[in-house]
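Written below as structure tokens is the structure these notes are about.
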Amino acid sequence: MTRRILIIEDEPGVAETLLYALKTERFQPVWCETGSEGLKALEKQEIDLVILDIGLPDGNGFEFFREIRNKFSVPVIFLTARSEEVDRVLGLELGGDDYVTKPFSPREVTARVKAVLRRASGDQDVPKSPPPGFQVDESRKQIRFFGTPLELSRYEYRILCALIRRPGMVFKREMLMELAWDVSDISGLRTVDTHIKTIRHKLREIRPDDDPIRTHRGFGYSLKEKT
Ligand code: CA
């Protein structure tokens, strides 16, 4: 069965890249240039997944996302261009299924599309609650690990929050940098590793035998879904 993917994106160059990548992977992509066209397309035909740009000519993707969520149960992957957008995408109240940051590689997008479809079809259980032992108190900017509050710097807090919100998801270092730092600085990717190291150290002080952070060599980090 061919899965139909709706692309809501106003930049033809980006849309064409997506159309080509998805067709290559035997998906059936449908392209709309505006949010309102996209909503119409969802009403007209069966759609398995939506790739939604945030900056659209007739409104922003967040508004369209709410409308989509109100009417349909289709999974949504956001296309984001700026780090403030990533922050909002990851914000708990919004709950998109995933996001891809521009510029992206076609392979990255198709991999995410497949992963989200797999999750949506229930092959893989993705917990909505934080992974075991973690408790986030947004208002106090505090994270507890098995009941003990962690003393985290601002960047450590933001990095760990990102990991906790998407257990099992592999975050590239660039992604964590973009999420945690106000200004992203590619030359400073090593500092992400340094912060992960200190976070690990702080977790180990509480549970010496437990290392919930997984390193994906040459790629990035994820948080284990189960202990
Ligand atoms: Ca756009």
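Once you have a ≥ b ≥ c as the square roots of the Cα gyration tensor eigenvalues for region 4-123, tell me rounded if a/c is under 1.5, and otherwise prolate or oblate according to whether a/b is larger than b/c.
rounded
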Fill in: Set of lysines with alpha-carbon distance to residue 141 below 24 Å, sequence-local pairs under 8 removed
128, 172, 197, 202, 224, 226
Practice prompt. Rounded to the nearest 500, what is the 222 nm mean residue ellipticity of the chain from helices alone, with -39500 (n - 2.57) per DSSP H run of 4+ residues and division by all residues?
Written response: -13000 deg cm²/dmol
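Just add up the charged neighbours of residue 198: K/R +1, D/E -1, any other residue whose Cβ is under 14 Å from the Cβ of residue 198.
Result for the local shell: +2.
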Worksheet item: How much of the accessible area of the chain, in percent, comes from carbon and sulfur atoms when a 1.4 Å probe is used?
Response: 47 percent
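The values are calculated or read from the model by the stated rules, or taken from the named source; none is laboratory data. Every value quoted in this text rests on a predicted model; they were computed, and no experiment measured them. Note that each Cβ is placed from the backbone with ideal geometry, even for glycine, and that neighbours are counted across all protein chains shown. Quick note on the areas: whole protein, heavy atoms, side chains included, nothing else; ligands and nucleic acids left out. Shrake-Rupley method; radii C 1.70, N 1.55, O 1.52, S 1.80 Å.
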